[in-house]
Amino acid sequence: MVASLAPLCLILLSLSQRTTATTLNETCTNIVGFVPYGFCMITLRSNPHSMHANTTTLAFISLNLAIINATTTKAKIDTFLNNVREPELKNGLQACNIIYGNAITDLRSSSDFLLSTKFETAKALASAASTAGNECGDALRHAKMASVPRRRLLRKENGDFGLLTLLFLGIINHLL
């Protein structure tokens, strides 16, 4: 009896793997208007659970990646604030610190609403947070300073954060 179930289990396992791989591929194909397909695939595949994930789980994965990015960026800003002497740069970094702090709060709240399947609210909170990178960049651009390399250092982090929040927004749109 057990031997006769083995082929059936292999078939079911094969179908479930095909379905989840298809879910990842279809999700990334469907959100090309938000982020490039390659970015979506590489980013989501960075989490091993994405290979067996449905669309809701992919939304959680992308949201978690955005939270991690924002938290890491805020930590870098904190480090810069501890070492900066230029008042203009300090003001810009303080603004970035507040902006990213608010974004982290919004994204964590978004996660709570995603968990309770209140997708519209989760989307609204993530959408509000998604502007943090641009707002931080604006705050640093308005600061007249000699330390141009420091200003450029957050450019990558701000851009990455924008892409990660767009990834989540693209996925959650398909859950609405």
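Please treat every number below as a calculation from the coordinates, not as lab data. Quantities reported herein were computed from a predicted structural model and do not represent experimental measurements. Every residue, glycine among them, receives a Cβ derived from its backbone with ideal geometry; neighbour counts consider all protein chains shown.
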request  = Can you pull the one-decimal nm distance between simple spin-label points at ASN82 and HIS52, each 7 Å off the Cα toward Cβ?
outcome  = 4.0 nm
task = Just grab the label-to-label distance for THR121 and ARG152, each label 7 Å out from Cα along the Cβ direction, in nm (one decimal).
result = 4.4 nm
remark   = Phi angles of the stretch 89-102, converted by Karplus (6.51 cos²θ - 1.76 cosθ + 1.60, θ = phi - 60°) into ³J(HN,Hα) in whole Hz with x for Gly and Pro, give 5, 4, 4, x, 5, 5, 4, 4, 4, 5, 4, 5, x, 5
ask   = When the Karplus curve 6.51 cos²θ - 1.76 cosθ + 1.60 is applied with θ = phi - 60°, which whole-Hz ³J(HN,Hα) does each residue of the stretch 57-69 get, with x for Gly and Pro?
value = 5, 4, 5, 4, 4, 5, 5, 4, 5, 5, 5, 4, 4
ask   = For the stretch 118-127, in order, what is each residue's ³J(HN,Hα) by Karplus, 6.51 cos²θ - 1.76 cosθ + 1.60 with θ = phi - 60°, in whole Hz (x at glycine and Pro)?
value = 9, 5, 4, 5, 4, 5, 4, 5, 5, 5
